[in-house]
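The values are calculated or read from the model by the stated rules, or taken from the named source; none is laboratory data. The structure presented is a predicted model; accordingly, all values stated were derived computationally and were not measured. Don't worry about glycine lacking a Cβ; one is built from the backbone with ideal geometry, like all the others, and counts go over all protein chains shown. Just the protein is used for accessible areas: all its heavy atoms, side chains included, with ligands, DNA and RNA removed. Shrake-Rupley method; radii C 1.70, N 1.55, O 1.52, S 1.80 Å.
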Amino acid sequence: MLQLNPLRKVYDVCIIGSGAGGGTAAKVLTEGGLNVVMLEAGPRLNPDKDFKEHVWPYQLPHRGVGVGGKQSGIGNEFMAPNGFWEIEGEPYTTAPGSSFRWFRSRIEGGRTNHWGRIALRFGPADFRAHSSDGIGDDWPITYEELAPYYDKVESYIGVFGSKENIPNAPDGVFMPPPKPRCTETLVKKACDKLNITCIPSRLAILTKPLNDRDPCHYCAQCGRGCRTASNFSSSQVMIPPAVATGRLTMIVNAMACEIVMGANGKVEAVAYIDKSTKSEQRVYAKSVVVAASACESARLLLNSRSQSFPAGLANSSGVIGRYLTDSVGSDLTGYFPQLEKMPVHNHDGVGGMHMYMPWWRFGKKNDFLRGYHIEFGGGRDMPGVGGFDYVCEEQEGYGVSLKQKCRSSYGTFIGFSGRGEMIPNENSFCELDPEVKDKWGIPVLRFHWQWGDNETRMAADMQQTFRSIIEAAGGTVIAGTRRHPQKSSAGASNALEQQPVGHISEGGAIIHELGTVRMGSDPKTSALNKNCQAHDVKNLFVADAAPFVTNADKNPTLTIMALSWKTSEYLLDQAKKGEL
């Protein structure tokens, strides 16, 4: 007897990725009434099992950093599970002469399980860079168009901050900020002497209850995850309401490998590798939202070749993979002897900075274009492996005298980190490696990277500024060191890692890569329109940092969510009208 296959299920939307952009899209689209399937390359997240915010170092083998401390820093066992610099069987390559690091996530919520929670709006000038200084390109949207979506995101996720009316650093919908700690008060006084703006930071951490989420209890362990969901993560804040609608299906351990075109010139399915069975599967949908992170999204589109798009899906412009940027980073640490005399007290607060310095020279002539902000922190957070490496290197002897020095120096360091705007250049991009594939048989990315002279001058200015602040605050620069002992949002150890003075960060190291599937008004020079909808394929959207036209001096996550919310409302409207 002839056997008929059952009709295949067709969802309204398939979302690839569950991080900041994907999670936001899932919430908006499901609450708007659409049936959504989400592909996640890793497993589900269980906060009660996976988060370790209140675990002490002595409770884990090797104090949580592996044999010989090989897992120290962002990869240690304390950190919320969100990704890796290296994934076994999933390599990427760099072109000769280039140096680039790529941090990737393979779990529900993606990188939002573990990030600095720094939530800064891009300013009006950031969307009009070319109009401001003649370099680069303007966005196809303005700040005024995106501002209502910043409002929606901040009101929903909770962001603390203060109203300051600072040029090109827009105020938002804020909860009250926490009070400054002693180290922050020390730096604030120095900044006032130097006429450097220093204000309460703007972080996606609750200081008041919101939507059944408790406020922060100030354990300062945000990098380890938060079981009370007091800090923002897509896995705890965006995905649950989408699941509650009954209209979200999440397929985990699904490695998307190709977006499949239909005969009608629109995408009709997403092919993925089921990592548990290593078999290729397909899921069908009327629209697709790619939110796998900027470089993964570019990789997926480049690998989705067809007769219609031999250079990659929606890539008639040839821009996919181009315009890759990361934040300009440079770091310096100071030693402050007056902190040795500070009475012992609870110095925890939130797991990030309570104050920061937005770009204070906006509109003034500088040795470089655009600008940067400064993150800083220090004090007596929980000691970890490597936290006293610098003291041990500098202090003669061992035993009682070394222990006394470690105790007296504990909490006396403050680290400064600059985060600035990189201008896109033709030498920084990603492409498919013609020879290398991952263990799933998917061609991998090859990175080309080069900082421009503008970024080098900016990093040098950062160093001069850090030195001025440290000295004005009565501290001493720790020569040849980098970064923190900050209240590390990454949960990193307090170890002072070596970095040549004046050095600029390695490409990708700040984990703010973006711009690889840019939006624009001209289909010849951009892949997406102002709604993050592909010029070439009207039922294809991108909802992560790939659409960004510029990499402002603000961390990108808040803008990813605002753009995703805007894109999702447009998609929802078009779907209801039957336009897709």
Let me check the size of region 167-227 from its C-alpha atoms; what are the radius of gyration and Dmax in Å?
14.3, 43
Suppose every K and R has +1 on its Cβ and every D and E has -1 on its Cβ; what is the size of the dipole of region 181-303 about the Cα centre, in Debye to the nearest 20?
380
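Rank these by accessible area, largest first, 1.4 Å probe: ASP214, ASP348, ASP48.
On the way: ASP214 90, ASP348 45, ASP48 115 Å².
Descending order: ASP48, ASP214, ASP348.
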Find the relative contact order for region 357-469 and round it to a whole percent, using C-alpha pairs within less than 8 Å whose residues are 6+ positions apart.
27
Helix check for the chain. Which DSSP H runs span at least 18 Å along their own axis by Cα, with a mean Kyte-Doolittle hydropathy no less than -1.0?
143-157, 182-194, 453-472, 557-577
Mind checking the full-extension length gain between ASP214 and ASP274? Use 0.36 nm per residue of separation minus the Cα-Cα distance, one decimal, nm.
17.9 nm
Rounded to the nearest 500, what is the chain's calculated 222 nm mean residue ellipticity when only DSSP H runs of at least 4 contribute -39500 (n - 2.57) each, over all residues?
-6500 deg cm²/dmol
Tell me which cysteines of the chain come out unpaired when the rule is another cysteine's Cβ under 4.7 Å.
CYS14, CYS182, CYS216, CYS219, CYS222, CYS226, CYS257, CYS295, CYS392, CYS406, CYS430, CYS532
Between region 108-135 and region 302-359, what's the alpha-carbon centroid distance in Å?
10
In the chain the accessible area split gives carbon plus sulfur, as whole percent at 1.4 Å, a share of 51
Semi-axes in Å, largest first, for region 338-410 (Cα gyration tensor, √(5λ)) are 35, 17, 11
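How would region 140-195 be classified by its alpha-carbon gyration tensor: rounded, prolate or oblate, with rounded meaning a/c under 1.5 and the a/b versus b/c comparison settling the rest?
On the way: a/c = 4.12, a/b = 1.74, b/c = 2.37.
Judged from the Cα gyration tensor, region 140-195 comes out oblate (a/c at least 1.5, b/c at or above a/b).
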Using the charge dipole of the chain (Lys, Arg: +1 at Cβ; Asp, Glu: -1 at Cβ; taken about the Cα centre), state which of TYR284, VAL319, SER132 has its Cα farthest towards the positive end.
TYR284
Suppose all protein chains stay in the model; what accessible area per residue would a 1.4 Å probe give for the chain, in Å²?
40
Rg in Å to one decimal, and Dmax rounded to a whole Å, for region 127-243 via C-alpha atoms
17.3, 51
Based on the Cβ-Cβ distance from ALA95 to ARG467, what FRET efficiency comes out when R0 is 30 Å, to the nearest 0.05?
0.30
Backbone N under 16 Å from the ARG305 label point (7 Å along Cα→Cβ), restricted to region 256-281
257-261
Classify region 240-329 as rounded, prolate or oblate from the Cα gyration tensor: take a ≥ b ≥ c as the square roots of its eigenvalues, call it rounded if a/c is under 1.5, otherwise prolate when a/b beats b/c and oblate if not.
oblate
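Counting pairs of alpha carbon atoms under 8 Å apart in space and at least six apart in sequence, what relative contact order in percent does the chain give?
Working: 1409 pairs, mean separation 132.3, N = 580.
Taking the mean separation of contacting Cα pairs over the length of the chain, I get 23 percent.
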Take the alpha carbon gyration tensor of region 511-569, find the square roots of its eigenvalues, order them as a ≥ b ≥ c, and report rounded if a/c is under 1.5; if not, report prolate when a/b exceeds b/c, else oblate.
oblate
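Mind listing which GluC sites (Glu not before Pro) in region 418-484 are in a DSSP loop and have 12 or fewer other Cβ atoms within 10 Å?
Details: sites: GLU421, GLU426, GLU431, GLU435, GLU455, GLU471; in loops: GLU421, GLU426.
Those that pass, being in a loop and sparsely packed, are GLU426.
Give the longest segment of the chain that steers clear of trypsin sites (Lys or Arg not before Pro) in DSSP loops with at most 11 neighbouring Cβ atoms within 10 Å, not counting the sites themselves.
Numbers: sites that count: ARG8, LYS9, LYS70, LYS163, LYS278, LYS364, LYS365, LYS524.
Between exposed loop sites, the widest span is 366-523.
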What number, in percent, do you get for the relative contact order of region 98-231 if the mean sequence gap of Cα pairs under 8 Å and at least 6 apart is divided by its residue count?
25
Give me the distance in nm between label points sitting 7 Å out from Cα along the Cα-to-Cβ direction at GLN404 and HIS62, one decimal.
3.4
In nanometres, what is the gap between the two model label sites at GLN450 and LYS193, each 7 Å from Cα along Cα-to-Cβ?
4.2
Per-residue SASA entry for CYS198, accessible area with 1.4 Å probe, Å² rounded to 10:
10
Between [x] 91, 59, 54; [y] 111, 54, 39; [z] 87, 53, 49, which entry matches Cα extents along the principal axes in Å as derived from the coordinates of this structure?
[z]
State to the nearest 20 debye the size of the charge dipole of the chain about its Cα centre, where the only charges are +1 on K and R beta carbons and -1 on D and E beta carbons.
940
